[in-house]
1. Restricting the search to segment 9-41, which residues are loosely packed, with under 10 Cβ neighbours inside 10 Å and not in a helix (DSSP H, G or I)?
2. Examine segment 103-110 for a residue that is under 19 Å from residue 42 (Cα atoms) and either part of a helix (DSSP H, G or I) or more than 30 Å from the chain's Cα centre (by Cα) (or both), and state whether such a residue exists.
3. Would you point out which residue out of 243, 189 is free of Cβ contacts under 8 Å to residues at least 60 places away in the same chain and within 29 Å of residue 164 (Cβ to Cβ)?
4. Check segment 33-40 and report whether any residue there is closer than 25 Å to residue 104 by Cα, at pLDDT below 90 and out of contact with any helix residue (DSSP H, G or I) (no Cβ under 8 Å at 6 or more places or on another chain).
5. Hey, among 278, 226, which residue is closer than 23 Å to residue 180 by Cα, in contact (Cβ under 8 Å) with a residue 12 or more places away in the chain, surrounded by 13 or more Cβ atoms within 10 Å (Cβ to Cβ) and in contact with a helix residue (DSSP H, G or I) (Cβ under 6 Å, 6 or more places away or on another chain)?
6. Examine segment 151-162 for a residue that is more than 30 Å from residue 13 (Cβ to Cβ), assigned to a helix (DSSP H, G or I) and more than 25 Å from the chain's Cα centre (by Cα), and state whether such a residue exists.
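The values are calculated or read from the model by the stated rules, or taken from the named source; none is laboratory data. Since this is a predicted model, take the numbers as computed values, not measurements. All Cβ positions, even for glycine, are placed from backbone atoms using ideal geometry, and neighbour counts span all protein chains on display.
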């Protein structure tokens, strides 16, 4: 009697939770399916399994080792488990599995079962990883202390999670012999990349129309003959700085940081004046898009521009 009552309450709770989240879940899954490619997923999964097989010692994952994989069987496993999984069938998942809470609870899939076992390994490994990071953090402190003594100089302290300011100059650089990266890119660069026919370089037609009509407004940089889009500068930035304001000597916003040049990805460990360059979007391009492309004049008015 008590067991049946507990099961009934559990079922009611599951239904309430299902009804509460089904709309958001359906929306999220539809977005996922829009970009899902089974062949790509299969190849990536096989490569991840191959990498996992090579883990040694305490890095080994129990769920992988139990399968006793080699490279060939890992590829075969990835192919079979994904091809046979119902998870790739959008219509079946949305209309059958997610028809109600009971259907979702009864759904069984070998890929999901494997993912569950792998997740248990990941949870266990996360605790070990946290322990290792604690040891490494202490060693990093010792390393910096020894480095200060060896080089007879101080270093910039760790300022993570604090407000910090750094200064520098808008400046190009030469990543290779006879190659120079200018400090500014322009709308021409957007058009040129768009002509490559690659989806990641697509842009709204309004940008090309405004460019051809030379509709640059007050955002034109005369020596460039165009609107500056991105800028290079020799300030030291790192992961997490994206979105930070770039200001001139007068405290005026001139851009927004969002990336580093490829050669500057080593910035977390070393900075060099000759190649360490950060990348920001020029505020004139931001304003140009708001004004000439999106016609968002109400935003400009609200900002007092």
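1. Once the filter is applied, which keeps residues that are loosely packed, with under 10 Cβ neighbours inside 10 Å and not in a helix (DSSP H, G or I), segment 9-41 yields only 35.
2. Of the residues in segment 103-110, the ones under 19 Å from residue 42 (Cα atoms) are 109-110.
Subset that is either part of a helix (DSSP H, G or I) or more than 30 Å from the chain's Cα centre (by Cα) (or both): 110.
Yes, segment 103-110 contains at least one residue that is under 19 Å from residue 42 (Cα atoms) and either part of a helix (DSSP H, G or I) or more than 30 Å from the chain's Cα centre (by Cα) (or both).
3. Numbers: 189 fails: within 29 Å of residue 164 (Cβ to Cβ).
When all the criteria are applied, what remains is 243.
4. Checking segment 33-40: at least one residue is closer than 25 Å to residue 104 by Cα, at pLDDT below 90 and out of contact with any helix residue (DSSP H, G or I) (no Cβ under 8 Å at 6 or more places or on another chain).
5. Numbers: 278 fails: in contact with a helix residue (DSSP H, G or I) (Cβ under 6 Å, 6 or more places away or on another chain).
226 is the lone residue from the list that is closer than 23 Å to residue 180 by Cα, in contact (Cβ under 8 Å) with a residue 12 or more places away in the chain, surrounded by 13 or more Cβ atoms within 10 Å (Cβ to Cβ) and in contact with a helix residue (DSSP H, G or I) (Cβ under 6 Å, 6 or more places away or on another chain).
6. Filtering segment 151-162 for residues more than 30 Å from residue 13 (Cβ to Cβ) gives 151-162.
So of that shortlist, the ones also assigned to a helix (DSSP H, G or I) come out as 151.
With more than 25 Å from the chain's Cα centre (by Cα) added as a condition, the list becomes 151.
Scanning segment 151-162, I find at least one residue that is more than 30 Å from residue 13 (Cβ to Cβ), assigned to a helix (DSSP H, G or I) and more than 25 Å from the chain's Cα centre (by Cα), so the answer is yes.
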